[in-house]
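Notes for the one structure printed next.
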Amino acid sequence: MPSKKALVRRPSPRLAEGLVTHIEREKVDLDLAVEQWEAYVEALRTHGWETIEVDPADDCPDSVFVEDTVVMYRNVALIARPGADSRRAETAGVEEAVAGLGCSVNWIWDPGTLEGGDVLKIGDTVYVGRGGRTNAAGVQQLRAAFEPLGARVVSAPVSKVLHLKSAVTALPDGTVIGHIPKMDTPSLFARFLPVPEEAGSHVVLLGGDKLLMAASAPKTAELFADLGYEPVVVDISEFEKLEGCVTCLSVRLRELYV
């Protein structure tokens, strides 16, 4: 049976100090961010996901973006080594959480860097963004960890956005979606659907035809509804100010042995 567990992590009191790379810094409302995070977690629960709250990392401003700390393939957890030094303390609590769930745990080691936001899985194909936060050694180590398990690893250049999944995610049928101005190589994906808004590039597959997505992409939500999907919309405006999106705020564990 597939599992429906999701790791989440409460925003740090220092959230407003989080890193920004490709956008101008804006003031972050921490109280509103906490409200939005709670609504995001509730949306997961409402659609059948068991949420597991990782211990807070209050000294790490970006720690709410828990997806960057680990990559899951089947029941194997590959603990990331963030490309940003300030984020490396985030991984310890996540390692403890996945080990407690019975995952087999591997690690990215120096000189490798890899962040989970750079990894897009579609079936057994694992796309890895090679850019600012994930380096060639990190890609090589991910390949060594996952290819023996049956994965096909494809490296993709990323230069216009923070992570690969800042540019593209995928629909339930495997079609890749993205906003072309933010993509380096749209031709890399055989089945590709352009979307009209940057925030429309990001969906979390909740199960069935339900897509968790940001309120800031209403035209894309209409497009998906016309295609027969059911958008589940959440407001994550405070996290978008820090280059965050709906995928960043959780780690979905779909293939645990249960």
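No value in this document is a laboratory result; all are computed from the given coordinates. Just so we're clear, the structure is a prediction, and the values are computed from it rather than from any experiment. Don't worry about glycine lacking a Cβ; one is built from the backbone with ideal geometry, like all the others, and counts go over all protein chains shown.
Checking understanding here: applying a Kyte-Doolittle mean of at least -1.0 and a length along the axis of at least 18 Å (C-alpha), which whole DSSP H helices in the chain pass?
Values: long enough: 30-46 (24 Å, 0.02).
Within the chain the helices that satisfy the rule are 30-46.
Order 241-250, 19-28 from most to least packed using the mean count of other Cβ atoms within 10 Å.
On the way: 241-250: 24.4, 19-28: 12.0.
Result, highest mean first: 241-250, 19-28.
Mind putting a number on the dipole of the stretch 91-181 about its Cα centre? Charges go on the C-beta only, +1 for Lys and Arg and -1 for Asp and Glu, and I need it in Debye to the nearest 20.
Dipole size: approximately 320 debye.
Per-residue ellipticity at 222 nm for the chain, helices alone: DSSP H runs ≥ 4 residues times -39500 (n - 2.57), over residue total, nearest 500 deg cm²/dmol?
On the way: 5 runs with 51 residues, N = 258.
Roughly -6000 deg cm²/dmol at 222 nm, from the helical runs in the chain.
For the chain, calculate the relative contact order in percent as a whole number, restricting contacts to Cα pairs under 8 Å that are 6 or more residues apart. Could you put the intermediate results ahead of the total?
On the way: 553 pairs, mean separation 59.4, N = 258.
Contact order relative to length: 23 percent.
Which one of PRO181, PRO218, PRO157 has its Cα pushed farthest toward the positive end of the charge dipole of the stretch 138-233, where Lys and Arg give +1 and Asp and Glu give -1 at the Cβ?
PRO157
How do 84-91, 140-147 rank on mean C-beta neighbours within 10 Å, highest first?
Values: 84-91: 16.9, 140-147: 18.6.
Highest to lowest by the protection proxy: 140-147, 84-91.
For the pair LEU188 and VAL105, how long in nm is the line joining their label points, each one 7 Å along Cα→Cβ?
Simple spin-label model gives 3.0 nm for this pair.
Under a point spin-label approximation (7 Å from Cα along Cα-to-Cβ), what is the GLU147-ASP31 distance to one decimal in nm?
5.3
For ARG45 and THR125, compute 0.36 nm times the residue count separating them, minus their Cα-Cα distance, and round to one decimal in nm.
On the way: separation 80, 0.36 × 80 = 28.80 nm, distance 2.76 nm.
Length gained between ARG45 and THR125: 26.0 nm.
Only four residue types carry charge here, +1 at the Cβ of Lys and Arg and -1 at the Cβ of Asp and Glu. Report the dipole size of the chain about the Cα centre in Debye, rounded to the nearest 20.
Numbers: 26 positive and 38 negative charges, 190 e Å.
Computed charge dipole of the chain: roughly 920 debye.
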